[in-house]
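The values are calculated or read from the model by the stated rules, or taken from the named source; none is laboratory data. It should be emphasised that the depicted structure is a prediction, and the values quoted were computed from it without experimental measurement. Cβ placement follows ideal geometry from the backbone for every residue including glycine, while neighbour counts extend to all protein chains displayed. Heavy atoms of the whole protein, side chains included, go into the accessibility calculation; ligands, DNA and RNA do not. Shrake-Rupley method; radii C 1.70, N 1.55, O 1.52, S 1.80 Å.
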There are 2 protein chains.
Amino acid sequence: MVSPSASVLPFRTVTIIGVGLIGGSLGLALRRRQLARRVVGVGRRQARLDRAVALGAIDAGTLSVASGVRDAELVVLATPVGAMVELAREAAQSVARGTLLTDVGSTKALLARELDALSAHGFRYVGSHPMAGSERQGVEEAQAGLFEGAVCFVTPTPHTEPRALAAVEELWQAVGARVRVLDPAKHDRLLAMASHLPHLVAAALVNAITPEALACVGPGFRDTTRVASGDPLLWADLCLQNRERLLDALGALEAQLRTLRRILDDGAHADLRAWLQSAKAVRDSHLHP
Amino acid sequence: MVSPSASVLPFRTVTIIGVGLIGGSLGLALRRRQLARRVVGVGRRQARLDRAVALGAIDAGTLSVASGVRDAELVVLATPVGAMVELAREAAQSVARGTLLTDVGSTKALLARELDALSAHGFRYVGSHPMAGSERQGVEEAQAGLFEGAVCFVTPTPHTEPRALAAVEELWQAVGARVRVLDPAKHDRLLAMASHLPHLVAAALVNAITPEALACVGPGFRDTTRVASGDPLLWADLCLQNRERLLDALGALEAQLRTLRRILDDGAHADLRAWLQSAKAVRDSHLHP
């Protein structure tokens with residue numbers, strides 16, 4: 001935490017690269033709360049940028065990374081993670097020395113490695129991962145309150161400048177998030193199990209079901225597979241960026257499914273009940289606090 | 001459908017064995033809509049039955065199956081499925097010849113086999129499976145509107161009397177459910193994939209996660225595992241009653257996870273994106289109609 005006297009808020013120009021659900025919601029939150037004097041959006045289609053302006057998510061939009069970031073005090077990468085490194089390198093050519101850089105990607109280790117290296121080009125990078133969003137996409141779904149009460153991981157490295165870290169923490173706190181500081185590699189290991197694996201399991205359940213059985217689903221299947229309606233590009237990007245940790249998490253799940261198969265083969269009622277009870281106890285104690 | 005002139009509604013006495021979330025909601029719905037002149041609850045604890053009376057779910061409660069079912073025109077089994085056959089046999093000793101019997105169990109083939117056989121003792125059995133409820137339990141969670149808009153499978157066999165089938169269809173339609181008639185064995189095959197497997201996968205995800213990763217979960221994990229907070233006894237019962245179909249469904253999921261592991265091992269972005277896109281397309285077309 002920075003002391004109030006050291007506050008960077010409000011930011012002068014904040015440039016958001018990728019004005020979709022997350023980028024758009026951040027823009028809305030910054031503008032509604034007057035946390036930035038000006039919010040610029042960078043995108044690949046002018047019509048979408050115009051829509052973001054009309055919705056109040058940004059003050060202005062541009063297709064040019066160079067002109068979009070030129071006056072930025074803070075640049076936020078809010079594209080699928082697979083596109084972030086290249087965009088950051090492009091942006092680094094045009095920013096003033098000392099410009100803050102963060103991102104909202106769901107993996108952090110690779111970005112920390114690649115984007116820390118841009119400090120030679122003027123960026124001061126600090127990774128962020130707000131645990132917000134939904135299976136829906138696009139600036140039309142953006143909400144100024146999206147980050148309120150959400151956890152936001154902020155992931156400094158040994159190279160991170162303390163004042164840059166403080167500024168990025170302040171950004172997320174100002175839009176309502178609860179900041180948790182975490183090492184990038186540890187973040188990726190924990191999120192593989194907490195987020196990336198459940199996403200892939202949801203997709204596996206949908207890919208396994210027959211059309212006839214799909215016509216018989218109820219609220220259970222609907223909720224269990226909700227995240228499988230998320231953006232395939234975004235999730236393919238981040239799952240591959242985190243694939244080693246994800247393979248470990250998948251191994252832990254496969255071990256549970258082997259246990260389950262053995263219990264079902266044996267018809268062991270007490271074992272199945274204990275296995276289900278264990279899951280219920282863990283889930284209830286953490287998610288129904 | 002029976003014609004209006006042949007309607008069995010309102011029922012005289014309906015006896016619900018097991019006054020929890022589902023049994024209690026059915027009682028509330030029957031009483032609020034005046035679909036039964038009297039609703040009797042049978043339970044194992046007087047205090048809970050008194051609570052069900054206080055909440056308006058039943059007119060009266062008793063610990064005795066024999067006295068509870070004596071005047072019933074319709075008996076509804078709403079306990080965990082593992083207890084149903086024994087309770088139905090006990091009830092069969094005390095009912096009038098021709099008494100309707102249904103249940104709300106999530107598996108149907110075994111019940112159809114066992115409960116059809118009670119026709120010699122006076123019951124006319126037709127299986128039901130309302131796709132309603134939640135991970136919560138107990139009559140305190142009961143709602144008169146629980147079945148409104150829900151699908152209710154009704155599962156006749158070659159032995160089912162047509163008028164009994166029509167009466168049970170009428171029951172569920174009267175509390176707002178959309179009735180789908182399905183063969184019991186086919187029901188169990190489809191529900192293994194649509195309901196029982198997702199439940200076990202949710203439990204497997206929770207059992208696989210470390211406490212440290214559990215502290216990092218967001219809405220995705222929360223929704224994907226919601227059903228793992230359900231009643232372990234109830235789910236152990238029904239999963240074992242349906243274990244052969246469930247093992248088939250588990251095999252289909254394991255095949256998807258093997259595909260996933262191969263894609264992750266290869267780091268094949270296009271393949272992962274296509275696999276995720278397939279799941280998204282299937283889910284969106286059926287669950288976001």
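Just a few scattered comments:
- Relative contact order, percent, chain A [alpha-carbon distance under 8 Å, six or more residues apart]: 17
- Expressed as a whole percent, the accessible surface of the range B:143-240 that belongs to carbon and sulfur atoms is 54, based on a 1.4 Å probe.
- Shape category assigned to the range B:4-182 from the gyration tensor of Cα positions, a/c cut at 1.5: rounded
- Highest-fluctuation residue, A:Asp183, A:Asp59, A:Asp265 considered, GNM on chain A with Cα pairs under 10 Å: A:Asp265
- Across the identical copies, how the B:Asp271 labels are spaced - nm, sorted shortest first, 7 Å along Cα→Cβ: 3.3
- At a probe radius of 1.4 angstrom, the accessible area of chain A per residue rounds to 40 square angstrom.
- Here is how far apart the B:Ala255 label points are across copies: 2.8 nm, shortest first, using a point 7 Å from Cα toward Cβ.
- Between B and A, buried accessible area from a 1.4 angstrom probe totals roughly 7800 Å², ignoring ligands, DNA and RNA.
- Convex hull volume per residue in cubic angstrom - Cα atoms of the range B:196-240: 65
- If the chain linking B:Asp284 and B:Arg33 were pulled fully straight, counting 0.36 nm for each residue of separation and taking away their Cα-Cα distance, it would gain 86.8 nm.
- Kirkwood-Stokes translational diffusion coefficient of the protein assembly as shown, alpha-carbon pairs, 37 °C, 0.692 mPa s, µm²/s: 126
- Helix-only CD estimate at 222 nm, as mean residue ellipticity for the protein assembly as shown, using -39500 (n - 2.57) per DSSP H run (n ≥ 4): -14500 deg cm²/dmol
- Reducing the range B:52-103 and the range B:165-241 to their Cα centroids gives an inter-centroid distance of 25 Å.
- A simple spin-label model places pseudo-atoms 7 Å from Cα toward Cβ; at A:Asp266 and B:Arg97 they are separated by 4.8 nm.
- Fully extending the segment from B:Ala185 to B:Leu247 would add 20.8 nm, taking 0.36 nm per residue of separation and subtracting the current Cα-Cα distance.
- Cα gyration tensor category, rounded, prolate or oblate, for the range B:186-287 with a/c compared to 1.5: oblate
- Sequence of B:Lys186, B:Lys108 from largest to smallest accessible area, 1.4 Å probe: B:Lys186, B:Lys108
- GNM result for chain A, Cα springs below 10 Å: residue of A:Val104, A:Val201, A:Val95 fluctuating most strongly: A:Val201
- In this view, the solvent-accessible surface of A:Trp235, computed with a 1.4 Å probe and all protein chains in place, comes to about 40 Å².
- Overall form of the range A:104-251 per C-alpha gyration tensor (a/c, 1.5; a/b vs b/c): prolate
- Kyte-Doolittle mean at least -1.0 and Cα axial length at least 20 Å: DSSP H helices in chain B: B:243-266, B:269-287
- Across the copies of the chain, A:Asp71 has label points (7 Å from Cα along Cα→Cβ) spaced 8.3 nm apart, shortest distance listed first.
- Spatially proximal lysines relative to A:Lys186 (Cα-Cα < 21 Å; intrachain offsets below 8 disregarded): A:Lys108
- Residue with peak Gaussian network fluctuation, chain A [Cα springs, cutoff 10 Å], from A:Pro232, A:Pro211, A:Pro184: A:Pro211
- With DNA, RNA and ligands ignored, accessible area of B:Thr157 (1.4 Å probe; Å², nearest 10): 30
- Area accessible to solvent at B:Val181, 1.4 Å probe radius, in Å²: 80
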